[in-house]
Amino acid sequence: MKFSIKDIVLVAACISIIFVQEQILSFLPNIQLTVLLLVLFSKKLGFVKTSIIILIHTLLDCLITGSLNLYYFPFMVLGWLSIPLICCTFFKKTNSTLILGTVGIIGSLIFSWIFIIPNILVANSTVNLSIITYYLIADLPFEAILACSSFLSIIWLYNHCSKVFDVVLNKFYN
C-alpha cells in the first residue's frame with residue numbers, strides 16, 4: 001500500500017489525538033476515548049492505517065510511561081489491534097452505535113485479558129489457575145470501567161465524531 005503525504009499527515013494527526021486525550025484523561029483510571037477513536041479510525045481509515053496509528057501510539061505511550069519492554073509492548077499492541085481487526089472483518093458493514101458499542105466492550109476486554117500473559121511472565125511462574133484468578137479479581141473493576149467507558153463513549157459520541165471526521169476527510173482529500 002502506498003501512502004501519500006496527506007495519508008501520513010492524517011495518520012500523524014490521529015496519533016496525536018489519541019495520545020493527547022489519553023494524557024488529559026490519565027488521572028481517571030481506565031476512562032478514556034481510545035476505544036471510541038480506534039473504532040472510528042477503523043471504520044473510516046481501514047485496518048492498515050489504523051494499525052500504523054496503534055503501533056506508533058503504543059510506542060509513544062510506552063516511552064512516556066516507561067513501560068517500553070518486551071513483556072508489555074507487544075501485548076499492548078496486540079490488544080489494541082483487536083479493535084480494528086474486529087471492526088474491519090466481522091463488523092465491516094455495521095454502523096449501528098449499539099453494535100459498535102458492544103464491539104467496544106469486546107475490544108476493551110480483549111485488551112485487558114491479553115495482559116494476563118505478560119503478568120504471568122513477569123511473575124516468572126507457570127500458568128496456573130490461581131495466578132489467572134488473582135489477576136482477574138484484582139483487575140476486574142478496572143476492566144469494567146474501561147468496558148463501560150468505551151461502550152458509553154461510542155453510544156454517545158460515535159455518530160457525532162463520525163460526521164465531523166467525514167467533513168475533515170472530505171476537505172482534507174479534496
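Summary of values
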| item | result |
| --- | --- |
| Among residues of segment 20-34, those that are farther than 16 Å from residue 103 by Cα, not in a helix (DSSP H, G or I) and not polar (S, T, N, Q), counted | 5 |
| Test: residue 14 is under 29 Å from residue 173 (Cα atoms), open to solvent by 20 Å² or more (accessible area, probe 1.4 Å) and not aliphatic (A, V, I, L, M) | no |
| Segment 92-123: number of residues that are in a helix (DSSP H, G or I) and within 23 Å of residue 156 (Cα to Cα) | 16 |
| Residue tally, condition closer than 13 Å to residue 104 by Cβ and either modelled with pLDDT under 95 or of a type in the set (Lys, Arg) (or both), over segment 152-172 | 0 |
| Some residue of segment 153-171 being surrounded by fewer than 17 Cβ atoms within 10 Å (Cβ to Cβ) and outside any helix (DSSP H, G or I) | no |
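A quick yes/no check of all residues on (1) part of a helix (DSSP H, G or I); (2) open to solvent by 70 Å² or more (accessible area, probe 1.4 Å); (3) among the small types (Gly, Ala, Ser); (4) at pLDDT 95 or above:
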| position | (1), (2), (3), (4) |
| --- | --- |
| 36 | yes, no, no, yes |
| 40 | yes, no, no, yes |
| 50 | yes, no, no, yes |
| 55 | yes, yes, no, yes |
| 69 | no, no, no, no |
| 77 | yes, no, no, yes |
| 81 | yes, no, no, yes |
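The values are calculated or read from the model by the stated rules, or taken from the named source; none is laboratory data. In this text, all values refer to a predicted model and were calculated from it rather than measured experimentally. Note that each Cβ is placed from the backbone with ideal geometry, even for glycine, and that neighbours are counted across all protein chains shown. When the accessible area is computed, the model is the full protein with side chains, heavy atoms only, and any ligands, DNA or RNA have been set aside. Shrake-Rupley method; radii C 1.70, N 1.55, O 1.52, S 1.80 Å.
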